[in-house]
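Enquirer: Okay, handing you the structure first.
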Amino acid sequence: MSKAASLWAGAKLSSLTRQIGDRLLAAGIAQGALEAGFMVRAVLGKPTGEWIDPDIKLDSAQAEQLSAMCIRREAREPLSHILGNWGFWSLDLDVTADVLTPRPETEILVQEALTALAPGPVRILDLGTGSGAIILALLAERASASGVGVDISPAALKIAKANGEKLGFDERTQWIEGGWNAALAQGPFDLVVSNPPYIANAVIAGLEPEVAQFEPLVALDGGKDGLDPYRDLLPLMGQYLKPGGVFVFEIGADQGEAVTSMAKSQGNLHRIRLVQDFAKRDRVVSGMLS
């Protein structure tokens with residue numbers, strides 16, 4: 001047993017959680033106290049919101065597990081990888097190092113897509129699906145919708161498929177391995193969504209360690225200026241969408257003007273809309289096929 005685990009076995013949960021929070025804060029993790037609570041809950045098997053007696057004491061196996069988790073997080077491994085799951089929208093999704101951890105700002109994309117979706121049996125395409133977070137959130141809100149998720153990574157698709165099956169959406173989903181044009185034969189679609197890699201490659205090394213060191217490069221690298229995916233995606237909308245169909249793409253905070261201009265230059269896309277997130281940063285570009 002590790003030194004920390006031997007000290008933690010038998011310690012009161014309230015004291016233990018404070019100790020872990022302090023260690024994470026010292027490692028540069030701003031929300032160390034909050035994350036300590038998540039880790040403790042994971043070890044105890046207690047879901048968020050369920051009351052935990054602060055006087056509970058961990059047994060030796062639980063203390064060892066918690067110590068290992070704390071060491072990994074101090075090394076700046078994402079909490080989502082350590083827990084193996086992450087909340088997005090109303091969903092609890094499996095997450096590994098093979099997929100991008102779903103971000104709260106991506107929920108802006110989901111909301112915009114839901115606003116654009118007509119009622120009824122619509123078909124949705126998610127390009128660069130990763131964990132399946134976006135398309136599965138949309139299917140959770142539209143019981144008669146079906147969808148196709150595309151990703152270049154077979155490991156990511158394995159996670160997405162597992163998430164779809166866990167949520168009971170396996171009969172409404174199809175998963176395709178390949179690039180941006182891999183689902184052309186499955187079209188046309190009512191809605192195309194994407195959270196593509198949009199970070200300029202020279203910037204990636206300077207990002208937070210959780211991102212730069214642990215998340216899949218293929219889900220981050222958008223080329224020299226971060227805009228390469230949009231140069232590929234926007235011309236495909238004429239082939240992927242039904243007339244009147246809508247695309248909704250997540251973008252980087254400094255890319256609104258550039259991506260909006262690209263969309264307008266296509267000629268067959270109109271009602272181009274730029275949406276900001278809660279921090280007043282550009283986050284989503286959407287539009288409709290003529």
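The values are calculated or read from the model by the stated rules, or taken from the named source; none is laboratory data. Computed from a prediction, not measured in an experiment: that's the story for all the values here. All Cβ positions, even for glycine, are placed from backbone atoms using ideal geometry, and neighbour counts span all protein chains on display. With ligands, DNA and RNA removed, areas are computed over all heavy atoms of the protein, side chains included. Shrake-Rupley method; radii C 1.70, N 1.55, O 1.52, S 1.80 Å.
Enquirer: Among the residues of region 215-227, how many are open to solvent by 60 Å² or more (accessible area, probe 1.4 Å) and in contact (Cβ under 8 Å) with a residue 24 or more places away in the chain?
Expert: The total comes to 3.
Enquirer: Something else: Would you check if Arg72 is surrounded by fewer than 19 Cβ atoms within 10 Å (Cβ to Cβ), among the basic types (Lys, Arg), part of a loop (DSSP other than H, G, I, E, B) and at pLDDT 85 or above?
Expert: Answer is no for this residue.
Enquirer: Being open to solvent by less than 20 Å² (accessible area, probe 1.4 Å), among the small types (Gly, Ala, Ser), over 18 Å from Leu109 (Cα atoms) and assigned to a helix (DSSP H, G or I) is true for just one of Ala137, Ala156, Ala162. Which residue is that?
Expert: So the residue among Ala137, Ala156, Ala162 that is open to solvent by less than 20 Å² (accessible area, probe 1.4 Å), among the small types (Gly, Ala, Ser), over 18 Å from Leu109 (Cα atoms) and assigned to a helix (DSSP H, G or I) is Ala156.
Enquirer: While we're on this one: Quick check on region 239-257: of everything there that is surrounded by fewer than 17 Cβ atoms within 10 Å (Cβ to Cβ) and in a helix (DSSP H, G or I), which residue is farthest from the chain's Cα centre (by Cα)?
Expert: Per the criteria, the residue is Gln239.
Enquirer: If only one of Asp151, Asp170, Asp190 is at pLDDT below 95 and closer than 24 Å to Leu91 by Cβ, which one is it?
Expert: Matching residue, one of Asp151, Asp170, Asp190: Asp170.
Enquirer: Do you know which residues across region 261-290 are open to solvent by less than 20 Å² (accessible area, probe 1.4 Å) and either modelled with pLDDT of 95 or more or within 15 Å of Gly226 (Cα to Cα) (or both)?
Expert: Ala263, Leu269, Val275, Arg283, Val284, Val285, Ser286, Gly287, Leu289
Enquirer: Would you point out the residue of region 51-65, among those that are outside any loop (DSSP other than H, G, I, E, B) and of a type outside the set (Ser, Thr, Tyr), that is most open to solvent (accessible area, probe 1.4 Å)?
Expert: Filtering region 51-65 down to residues outside any loop (DSSP other than H, G, I, E, B) leaves 57, 60-65.
With of a type outside the set (Ser, Thr, Tyr) added as a condition, the list becomes 57, 61-65.
Numbers: Lys57: 122, Ala61: 70, Gln62: 46, Ala63: 0, Glu64: 66, Gln65: 87 Å².
Taking the candidates together, the pick is Lys57.
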